[in-house]
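Colleague: Before I ask anything, let me first share the structure, which is written out below as structure tokens.
The values are calculated or read from the model by the stated rules, or taken from the named source; none is laboratory data. The model shown is predicted, which means the values in this text are computed figures rather than measured ones. Positions of Cβ are backbone-derived with ideal geometry, glycine not excepted, and every protein chain shown enters the neighbour counts.
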Amino acid sequence: MNPNTSHESKVPELVLSFWIIKIAATTLGEIGGDAVSMSMGLGYLLSTGIFAAIFLVAVVFQIKAAQFHPGIYWTTIVATTTVGTTLADFADRSLGIGYAGGASLLFGLLLASLAIWYWSVGSVKVTDVCNPKSEGFYWVTIMFSQTLGTALGDWTADDAGLGYAGGTALFCLLLAAVVALYLWTAISRTLLFWAAFILTRPLGAVVGDFLDKPHESGGLALSRYSASVVLLLFIAGCVLFLPHRASNAENAL
């Protein structure tokens, strides 16, 4: 995942810190989205509108930036996780599509986004995200993947009956399988990246639900506001102090 190119990508390299922050951001997105839509009582539709506006502003700053800026990039990622949470909940619950239906629809949209991206640009590698066109496709694809991940996490924990602990174990095992394929096979690194990127979202969703859902539902009933602040501070610390470039090391899933 580290081909030699003459240009610099506008996204982080896929080092360990990327995945640490990504999982924390997806967990924050689940709890933060629920805090606004449920705890504040704004509902899924209004909350989606608020987070979508934040996402669009963040994307504009990200695309207009001349080079990679960790703060802008991760702000945009967090925005995709929050809007993905409320959008998936709106489709699954308010529109009555259901978790399975919502996940199927979003999976189709995700595949379509990747296909159009590849047809238009010739590559869906994150190392090639270095111009406005590829960045646009990148963020649309991420938006679909984050929303899909929320629906998958809810479906696994609720409809599939695995609960939060079972859902967490399942997605951890699937991510471990992706890592094993990366280490011991020649399967496309781009395919494995998107598989890992998608799987970290439902993992964050079930962990987030485990932290903030009531005891009778199998959660810890932690304050959504307090948990969101703690996660936000953790992400900020990682963004400030962990490396985002590995110029002398091999990239890793």
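Colleague: So which residues in region 69-121 are of a type in the set (Gly, Ala, Ser) and surrounded by 24 or more Cβ atoms within 10 Å (Cβ to Cβ)? Outline the logic, then answer.
Modeller: So the first thing to find is which residues in region 69-121 are of a type in the set (Gly, Ala, Ser), and the list is 71, 79, 84, 88, 91, 94, 96, 98, 100-104, 108, 112-113, 115, 120.
Listed by number, the residues that qualify are 79, 84, 88, 102, 103.
Colleague: Sticking with this one: Hey, does region 7-18 have a residue that's within 26 Å of residue 223 (Cβ to Cβ), at pLDDT 90 or above and part of a helix (DSSP H, G or I)?
Modeller: No: zero hits.
Colleague: Now for a different question. For region 52-84, how many residues are of a type in the set (Lys, Arg) and touching a residue at least 40 places away in the same chain (Cβ under 8 Å)?
Modeller: 0
Colleague: Test each condition in (1) assigned to a helix (DSSP H, G or I); (2) free of Cβ contacts under 8 Å to residues at least 40 places away in the same chain for residue 186 and report the one that comes out false.
Modeller: (1)
Colleague: Check 167, 163, 218 and return the single one that is on the phi > 0 side of the Ramachandran plot and buried (at least 16 other Cβ atoms within 10 Å of the Cβ).
Modeller: 163 is the lone residue from the list that is on the phi > 0 side of the Ramachandran plot and buried (at least 16 other Cβ atoms within 10 Å of the Cβ).
Colleague: Which of (1) touching a Leu at 6+ places or on another chain (Cβ under 9 Å); (2) modelled with pLDDT under 85; (3) closer than 24 Å to residue 175 by Cα; (4) part of a helix (DSSP H, G or I) is the odd one out, the single condition residue 2 does not satisfy?
Modeller: Here residue 2 clears every test but (4).
Colleague: Report, by residue number, each residue of region 162-181 that is farther than 18 Å from residue 89 by Cα and small (Gly, Ala, Ser). Please lay out each step first, then the result.
Modeller: Initial filter on region 162-181 (farther than 18 Å from residue 89 by Cα): 162, 165-166, 168-181.
Listed by number, the residues that qualify are 165, 166, 169, 176, 177, 180.
Colleague: Then there is this: Taking the criterion of being without any contact (Cβ under 8 Å) to a residue 40 or more places away in the chain, out of contact with any Ser or Thr (no Cβ under 8 Å at 6 or more places or on another chain) and of a type in the set (A, V, I, L, M, F, W, C), would at least one residue in region 21-33 satisfy it?
Modeller: No: region 21-33 contains no residue that is without any contact (Cβ under 8 Å) to a residue 40 or more places away in the chain, out of contact with any Ser or Thr (no Cβ under 8 Å at 6 or more places or on another chain) and of a type in the set (A, V, I, L, M, F, W, C).
Colleague: Based on this model, can you work out whether residue 207 counts as over 25 Å from residue 58 (Cβ atoms) and either of a type outside the set (A, V, I, L, M, F, W, C) or part of a helix (DSSP H, G or I) (or both)?
Modeller: It is false that residue 207 is over 25 Å from residue 58 (Cβ atoms) and either of a type outside the set (A, V, I, L, M, F, W, C) or part of a helix (DSSP H, G or I) (or both).
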